[in-house]
Amino acid sequence: VHNGGLYKRPFNEAFEETPMLVAVLTYVGYGVLTLFGYLRDFMRQWKIEKCQNATEREEQKDFVPLYQDFENFYNRNLYMRIRDSWNRPICSVPGAKVDMMERVSHDYNWTFTYTGRVIKDIINMGSYNYLGFAQKAGTCQEAAAKVLSQYGAGVCSTRQEMGNLDKHEELEELVARFLGVESAMAYGMGFATNSMNITCESSSNKYPASWGCLILSDELNHASLVLGARLSGATIRIFKHNNMQSLEKLLKDAIVHGQPRTRRPWKKILILVEGIYSMEGSIVRLPEVIALKKKYKSYLYLDEAHSIGALGPSGRGVVEYFGLSPEDVDVMMGTFTKSFGAAGGYIGGKKELIDYLRTYSHSAVYATSLSPPVVEQIITSMKCIMGEDGTTVGKARVQQLAENTRYFRRRLKEMGFIIYGNEDSPVVPLMLYMPAKIGAFGREMLKRNIGVVVVGFPATPIIESRARFCLSAAHTKEMLDTVSGLL
């Protein structure tokens, strides 16, 4: 760790470099798949093999193509071979165990047929149900059912029209207290919380974002952050993942050189980072980021989609995890879709910022407000985490998640697997590398009643395919032993 004096606790992350032999074999594997893909395309062209992919009509040949050539080639010849590893239909609550509908394919994953059989009690290692609140019984379910009978299922209006309920006001006050900020605002969709609001936050009252604003974004930021930055119209520069030297260099250059051509100072510099990176299992080096932010007088936007509820002694996220002050983060964003077992997102910060968003945010002005039962699910689960329900259940769940995380990561490392990320991250990437292993791993684990997420190119670098385990407080030690014992 650089600047070790900024950290109040050990910060240990591992990203073992891909072994040369494995990298070469992985490239060879993709090469073989590509050659067979061209062979099959040749056979389809000459009607030897039936062509089942979408194609342009003859009269559309003069138009801009709907499908990118390589992207379409990759989908039909590489992705299609392992398509059965994703979009598996779940027919139960996504708790520690799930029930899954069995499906088969008779045409190499172009289409699927349901057998009518339900596979019972699959250990769920793929859901972001970090604290186990996604359940069909208990206080959250009872409270949501009561609100459903009182308020109905939906509001059918935006917050600025007829969709602002007392429940929404209560939720936002609770979120602000939970985060330790002046004010907060809730949104109906987590993705839109990023993609529709960065435009507002990177702009100023006088100038649109494209006029003299700079966004510095981590290279592994989520697609919602990337889209939000692009929609803002601001100048975007990318720094290496969690690399403070790379970030500081960009900040120095921005201060010294100013805007391109005119050399005028940037009107605003906004740093975009995540709390936990969902594909890498790494935790942001927040103390160092805040130190740089203060040094160069920039602003910080922190996406806590995966870290809120999952990190910190009382589940208040990466800021609490490092023992920092919420005042040091200008924009605190997060979602309710993971640790709280609900839907939607939030932004917290200064009252002036939140009031500005209420007026100018597209996802506040035009989007339908949160469903009342969903709001109640969030309120009940958040009060449980905070201990305001009069129990210690929430605190116990946070502690159980931390114990499960450290135990499972230690077990996998002892078994010799290459594991990415921080030792305290509940997202645990297990490296597979080879393209053939992606589908094989997912299928073999499902045969053993374990549901996992497998990830490959283009979601990861081509030589860093992986299986991603997501731990939950609902997992028991016996479940984790069963999973690790079958690897």
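The values are calculated or read from the model by the stated rules, or taken from the named source; none is laboratory data. Source: prediction; values computed, not measured. Cβ sites come from the backbone with ideal geometry, for glycine too, and all protein chains shown count toward neighbours. Quick note on the areas: whole protein, heavy atoms, side chains included, nothing else; ligands and nucleic acids left out. Shrake-Rupley method; radii C 1.70, N 1.55, O 1.52, S 1.80 Å.
Scanning the stretch 303-362 for residues that are part of a loop (DSSP other than H, G, I, E, B), of a type in the set (Val, Ile, Thr) and farther than 17 Å from TYR128 by Cα turns up just one, VAL329.
Taking the stated definitions as given, is GLU56 among the acidic types (Asp, Glu), without any contact (Cβ under 8 Å) to a residue 24 or more places away in the chain and within 23 Å of MET244 (Cα to Cα)? Judged against the criteria, GLU56 is not a match. Within the stretch 325-341, being of a type in the set (S, T, N, Q) and surrounded by fewer than 24 Cβ atoms within 10 Å (Cβ to Cβ) holds for SER325, THR337. Within the stretch 123-139, is even one residue surrounded by fewer than 17 Cβ atoms within 10 Å (Cβ to Cβ), at positive phi and at pLDDT below 95? Yes, some residue in the stretch 123-139 is surrounded by fewer than 17 Cβ atoms within 10 Å (Cβ to Cβ), at positive phi and at pLDDT below 95. Among the residues of the stretch 403-453, the ones that are acidic (Asp, Glu), open to solvent by 60 Å² or more (accessible area, probe 1.4 Å) and touching a strand residue (DSSP E or B) at 6+ places or on another chain (Cβ under 8 Å) come to 1 in all. Out of the residues in the stretch 391-402 that are over 23 Å from the mean Cα position of the chain (by Cα) and open to solvent by less than 70 Å² (accessible area, probe 1.4 Å), which is farthest from PHE133 (Cα to Cα)? Checked the stretch 391-402; the qualifying residue farthest from PHE133 (Cα to Cα) is THR391.
Matching residues to (1) modelled with pLDDT of 95 or more; (2) outside the structural domain of LEU302 (by the TED database); (3) small (Gly, Ala, Ser):
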site: VAL329; (1), (2), (3): yes, no, no
site: GLY334; (1), (2), (3): yes, no, yes
site: LYS338; (1), (2), (3): yes, no, no
site: GLY345; (1), (2), (3): yes, no, yes
site: TYR360; (1), (2), (3): no, no, no
site: TYR366; (1), (2), (3): no, no, no
site: MET382; (1), (2), (3): yes, no, no
site: GLN399; (1), (2), (3): yes, yes, no
site: MET431; (1), (2), (3): yes, yes, no
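The test for being open to solvent by less than 10 Å² (accessible area, probe 1.4 Å) and either in contact (Cβ under 8 Å) with a residue 12 or more places away in the chain or among the acidic types (Asp, Glu) (or both) holds for LEU300. Which of the residues that make up the stretch 85-113 are aliphatic (A, V, I, L, M) and either open to solvent by 50 Å² or more (accessible area, probe 1.4 Å) or in a loop (DSSP other than H, G, I, E, B) (or both)? ILE90, VAL93, ALA96, MET101, VAL104 - these are the residues of the stretch 85-113 that are aliphatic (A, V, I, L, M) and either open to solvent by 50 Å² or more (accessible area, probe 1.4 Å) or in a loop (DSSP other than H, G, I, E, B) (or both). Please go through the stretch 209-235 and pick out each residue that is out of contact with any Leu (no Cβ under 8 Å at 6 or more places or on another chain) and β-branched (Val, Ile, Thr). If the condition is that a residue be out of contact with any Leu (no Cβ under 8 Å at 6 or more places or on another chain) and β-branched (Val, Ile, Thr), then VAL226 is the only one that fits. From the list ALA440, ALA436, ALA474, ALA459, which residue is in contact (Cβ under 8 Å) with a residue 60 or more places away in the chain, part of a helix (DSSP H, G or I) and at negative phi? Going through ALA440, ALA436, ALA474, ALA459 in turn, the sole match is ALA436. Just one of the listed residues (ARG264, ARG230) is part of a loop (DSSP other than H, G, I, E, B), at pLDDT below 95 and surrounded by fewer than 21 Cβ atoms within 10 Å (Cβ to Cβ), and it is ARG264. Scan the stretch 150-167 and tell me whether some residue there is among the aliphatic types (A, V, I, L, M), open to solvent by less than 70 Å² (accessible area, probe 1.4 Å) and under 30 Å from LEU270 (Cβ atoms). Scanning the stretch 150-167 turns up no residue that is among the aliphatic types (A, V, I, L, M), open to solvent by less than 70 Å² (accessible area, probe 1.4 Å) and under 30 Å from LEU270 (Cβ atoms). Would you say ILE255 is in a helix (DSSP H, G or I), more than 28 Å from the chain's Cα centre (by Cα), among the aliphatic types (A, V, I, L, M) and modelled with pLDDT of 95 or more? Yes.
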